[in-house]
Each structure stands twice: as structure tokens, then as C-alpha cells.
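A.B. asks: Structure in C-alpha cells, see below.
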Amino acid sequence: MTTLAELGAAVEAPDLDAAAMLALGEAVLEAWHAAHERTPTAEQREGFRLLALHRQGAKTEPSFNACRETCRELAWHYNLLTLEPDHAEREQRLAMMRFALRHLFLFVSGKLEQAGLGDFCCASRPLRLSAKEQAESA
Amino acid sequence: MSKYESVAYYPGCALEGSGHAYNRSTQALGKALGLKLEEVKNWNCCGAMEVKNIDPKLQTYLSSRVMAIAAHDMGHKTVMAPCNGCYHNLKKAEYDLAHDAGSRDVVERLSSKAGHATYEAGTVETIHALDWIKSAIGEEGLAARVKHSLQGLKVANYYGCMYTRPRHIFPEKDQGAGSESTAKPHFMDDLLAAAGAENVEFPLKTACCGGAHTLSDSDTSTKLVLNIIQAAEAAGAEVIATECPTCHSGLEMHQVRAEKNFGVKTAVKILYFTQLLGLALGLSPRQVGVHENVSDSMALVKEKILR
């Protein structure tokens, strides 16, 4: 099992390409699921396992939606970089994808240490449902 | 005449404290644009995160009281809340009152006990300051009034988390052309572009700033904010434009903390979008509260806007 420290080091490794960053994004979300004793989904959503893994997390934890757009930015930049590999802004796109990846890691690792991270903004569902209802809707 | 030319103004607590520059610049901008803001009388806390986390229905009541005063005591049809937290909570209360009988019961009971009319869902519309300017003035109207173009100023627009999440409490968003997007919000980009600014491609527009943990887990918040700031700088931005007092304070304070605790110095400035628009319309830095920000932007303002 990959530790958070190992993931953090991998995220900061130089010269990551788009595929490597996407895979790391998936690994970050897999770590989240593993920590919650869930089997990470192998399914895809909109062509990306990353988005399916995020959805799996948000289904039981609405505040996980705080990283929804970060995941979508990763997928977006992956598409840009793989569909236009020789684009003049390739390096800039790689740099922006790395910031999105780093944010995903920081958010998920922060949330693993402080469960309430993101609760301020996105936790409307548990506020309206009892614990029993939440469990049933998961 | 736009339906937003005269609205009930709900500043909320942050705009009376750490976000006072946002309060000052919002009111100054409204005045410069000929828009009428009437502050909600005897307003109370929206319930923020503290009440919401302990008793969500009490938060619904608190937000409903603000809307009840605006509707029943002041005769307004629209409440404008510049603070993302207030905006979010009023929208959430509206949603809960429309969909949850338990919330309606609590609001009715507490309103009766407090001696004011019960708020019913749909009586007023809650909008953000971005909706207000976008609908009441629009890009063309704004461009026609610009005196100091923001041309050449590179801006990263940071919307924060509560402006678009959760999606179901914002039914007016994601409705196609002209509406705001929850995936890639653009209203602030549109308004600043109309004032001449050059918006940079910025992937962390709605990314979490760790705002709720700024005191309990400061290092996590600092790292999240630092990543947002460094992404903005790497995107070429000279300014991060904000539309939330919590985000704004977080960005400013953790920018300082990142330098002090992690030794990472960053140069990008942080200004409310209302400050940037006010400056573009010819208001002075003092009129829009630049002196009230932690981030000292005066040199940039003089060089890039007041030139």
C-alpha cells in the first residue's frame, strides 16, 4: 500500500507526463478509498477512472465534492495534452496539470488527517439527512 | 429597467470585519453604477458554518429571517449577498424550505416565537454580487463606463467553493447560454474582461482553500492556498480577483504565512473584483478600500490601472 508520504513525493517528481499525472491522481483517490476500507472502483465515468473514483468518494461523503472540479481539470488537461501533444503551450499545460494534481493530493491528504476539510462548502446532504438516511443513500 | 437596479443588501458579518474592503467597494461600485442598495434592516447571522454544523435547521431559520425582513418589512423581491458564505446559506435555506417539511416546521415555529412573519420559499430571489452587476449593468454597460481600462492587467479569477457548490441549491446555474456554470464559472471573468482585463487560464478557480481549517490546521490551509497562488503566478497572473471574503482573507493571510513558515515568497496581488471594477470606473483606491487589504497592491494599481 502506498503511503501518503510516498504519494506526496511522487506528485513532486520532475518530468511527469500527462499519463503519469492522471495515474497519480487515481492513486491519490485510491488511497482515500483504501483508508475508508472500500474497494476502489475499476469503472470509468466520461472515459476516466479518475472521475468514477471521485464520484465513488462523493457518494458517501458530499464534502468530497470540494475536489470535483480539480479532478475534472486533471481530466481536461490530460485531454489537451494527449490530443494536441505538439501544441505550442504544451509545457504550460503540463505545469497547470501539475498544480491540479498537487491540489488534489493536498486536499485528499489534508482530509485524511482532518476529516472536516471541505465541510464548510459542500456538505449539504448530511445536514438534511440523519446518519441512518445517509447510510441508506450511500 | 433591470429588476436588480434596487435590491436588498445583505452584507453579513465578514463584510463588517475582515472583509470591510469588499463592503466598501461593493457599495461604492453600486453608487457609481446608479444601482440602489438598501441594507437589510436589523439583519442577523446567516448561520455560517458554526450554526450549520450543529443545528442545520436553525441555520435555515436564521437565513430565512433575513429574507423575511427583506420581503415583508422592506418590500424587496431580491436579496443581494456579496459574501459566498451568506449567498450559499440563503440559497440552501431557500432549497430546504422548498423541499423539506421539517425545515418549514422549524422556521414557522421559530418565526412565530420571534414575532415576525414566516418566510416562504420563493418569496425573494437571492443573488450574488456577480449576478447583480452582470444582470443590472452587463458587459456592454460596464465597458461603456470604463475610465481607467484594466488593459494589460493579467488576472486569475478565483471563485472559491461556495459560489457553485452544491449544485442543487443553484437551480439557475448551468442553464445554457447566459447562465453561470458550476463546472467553470465565468461571470467574474466576463465582467473584468469587459473592463479591459486579460483573464489567464487558471485551473484552480473553485479549488478548496482550506478556509474552514485556517485556525485548526493552518499548515494544510497554507499549503492549499500556496498552491493556488503559485498556479496563478505560473499562469501569468499579476492579480488574483476574489468574490468571497473568506477566500480573500485566506489568500492574503496564508500568502504571508507561506513566506514566514515555509520560506516561499510570492508576488501576486489579491483584490476583490469590486475593487478592480471600481478602479476601472474611475473610483479612487481609497474609495474602494485598497488600503484595507492586507496585500499591498498600491504600486501595481498605480502602474497598471491609474497610469
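Each value in this text was obtained by applying a stated rule to the coordinates, not by laboratory testing. Every value quoted in this text rests on a predicted model; they were computed, and no experiment measured them. Methodologically, a virtual Cβ is constructed for each residue, glycine included, from the backbone with ideal geometry; neighbour enumeration extends over all protein chains shown.
A.B. asks: Under 13 Å from the Cβ of A:Val108, count the other residues' Cβ atoms, weight Lys and Arg +1, Asp and Glu -1, and hand me the total.
C.D. replies: Values: positive: A:Arg68, A:Arg102, A:Lys111, B:Lys223; negative: A:Glu26, A:Glu30, A:Glu61, A:Glu113.
Counting the neighbours of A:Val108, the net charge comes to 0.
A.B. asks: For region B:196-307, give the magnitude of the charge dipole about the Cα centre (Cβ charges: +1 Lys/Arg, -1 Asp/Glu; no others), in debye to the nearest 20. Please list the in-between numbers first.
C.D. replies: On the way: 10 positive and 12 negative charges, 42 e Å.
In debye, rounded to 20, region B:196-307 gives about 200.
A.B. asks: Give a quick list of trypsin sites (Lys or Arg not before Pro) in region B:199-295 that DSSP marks as loop, anything other than H, G, I, E or B, with at most 12 other Cβ atoms within 10 Å. Walk me through the numbers on the way to the answer.
C.D. replies: On the way: sites: B:Lys205, B:Lys223, B:Arg257, B:Lys260, B:Lys265, B:Lys269, B:Arg286; in loops: B:Lys205, B:Lys265, B:Arg286.
The qualifying sites are B:Lys265, B:Arg286.
A.B. asks: Per DSSP helix of 4 or more residues, -39500 (n - 2.57); summed, then divided by the residues of chain B. What does that give at 222 nm, rounded to the nearest 500?
C.D. replies: Values: 12 runs with 137 residues, N = 307.
Calculated at 222 nm, the ellipticity per residue is -13500 deg cm²/dmol.
A.B. asks: Please report, in debye to the nearest 20, how large the charge dipole of chain B is about its Cα centre when each Lys and Arg carries +1 at its beta carbon and each Asp and Glu carries -1 there. Please report the intermediate quantities before stating the final value.
C.D. replies: Details: 32 positive and 34 negative charges, 86 e Å.
Dipole of chain B, to the nearest 20 debye: 420 debye.
A.B. asks: Bin all alpha-carbon pair distances of the protein assembly as shown at 10 Å intervals from 0 and give each bin's fraction as a whole percent.
C.D. replies: Histogram of Cα-Cα distances, whole percents per bin: 4, 21, 31, 26, 14, 3, 0.
A.B. asks: Place a label point 7 angstrom from the Cα of B:Ala143 along the Cα-to-Cβ direction, then list the residues of region B:169-209 whose backbone nitrogen is under 13 Å away.
C.D. replies: B:190-197
A.B. asks: Moving on to the next point. What relative contact order, as a whole-number percentage, does region B:138-304 give when Cα pairs under 8 Å and 6 or more residues apart are counted? Working shown, then result.
C.D. replies: Details: 260 pairs, mean separation 43.2, N = 167.
Averaging sequence separation for qualifying contacts and normalising by length gives 26 percent for region B:138-304.
A.B. asks: Once you have a ≥ b ≥ c as the square roots of the Cα gyration tensor eigenvalues for region B:138-304, tell me rounded if a/c is under 1.5, and otherwise prolate or oblate according to whether a/b is larger than b/c. Walk me through the numbers on the way to the answer.
C.D. replies: On the way: a/c = 1.90, a/b = 1.14, b/c = 1.67.
Oblate is the answer for region B:138-304, as a/c is 1.5 or above yet b/c matches or exceeds a/b.
A.B. asks: Next question, about the same structure. Could you work out the relative contact order of region B:6-127? I mean the mean sequence separation of Cα pairs under 8 Å and 6+ apart, divided by the number of residues, in percent.
C.D. replies: On the way: 185 pairs, mean separation 35.6, N = 122.
Reported as a whole number, the value is 29 percent.
A.B. asks: Mind checking which aspartates and glutamates have their C-alpha under 20 Å from B:Lys147, skipping anything on the same chain fewer than 8 residues away?
C.D. replies: List returned: B:Glu139, B:Asp189, B:Asp190, B:Glu198, B:Glu303.
A.B. asks: Would you mind getting me the FRET efficiency between A:Ala20 and B:Lys260? Use the beta-carbon distance for r and R0 = 25 Å, nearest 0.05.
C.D. replies: For A:Ala20 and B:Lys260, the calculated efficiency is 0.15.
A.B. asks: Could you grab the relative contact order for chain B? Cα pairs under 8 Å, six or more apart, rounded to a whole percent.
C.D. replies: Numbers: 549 pairs, mean separation 62.7, N = 307.
Result for chain B is 20 percent.
A.B. asks: Can you give the FRET efficiency for B:Glu38 and B:Ala114, using 1/(1 + (r/R0)^6), R0 = 22 Å, r = Cβ-Cβ distance, to the nearest 0.05?
C.D. replies: On the way: r = 22 Å, r/R0 = 1.00.
Efficiency, rounded to the nearest 0.05: 0.50.
A.B. asks: What FRET efficiency comes out for the pair B:Met298/B:Glu16, r = Cβ-Cβ distance, R0 = 25 Å, nearest 0.05? Numbers along the way, then the final one.
C.D. replies: On the way: r = 24 Å, r/R0 = 0.96.
It comes out at approximately 0.55.
A.B. asks: Mind checking the full-extension length gain between B:Glu201 and B:Glu50? Use 0.36 nm per residue of separation minus the Cα-Cα distance, one decimal, nm. Don't skip to the answer; put the middle values down first.
C.D. replies: Numbers: separation 151, 0.36 × 151 = 54.36 nm, distance 3.46 nm.
Taking B:Glu201 through B:Glu50 to full extension adds about 50.9 nm, to one decimal.
A.B. asks: Still on this structure, please answer the following. What lysines could a cross-link reach from B:Lys3, if we take a straight Cα to Cα line under 24 Å and drop same-chain neighbours fewer than 8 places away?
C.D. replies: Reachable lysines: B:Lys31, B:Lys36, B:Lys41, B:Lys77, B:Lys91, B:Lys92, B:Lys134, B:Lys173.
A.B. asks: Tell me which of B:His20, B:His88, B:Cys46 sits at the most positive position along the dipole axis of region B:6-127, charges placed on C-beta atoms (Lys, Arg +1; Asp, Glu -1).
C.D. replies: Going by the Cα projections, it comes out as B:His20.
A.B. asks: A further question on this structure: Check cross-link reach from B:Lys265 to the lysines: straight Cα distance under 24 Å, and skip same-chain residues fewer than eight apart.
C.D. replies: Here the lysines satisfying the reach criterion relative to B:Lys265 are B:Lys154, B:Lys205, B:Lys223, B:Lys302, B:Lys304.
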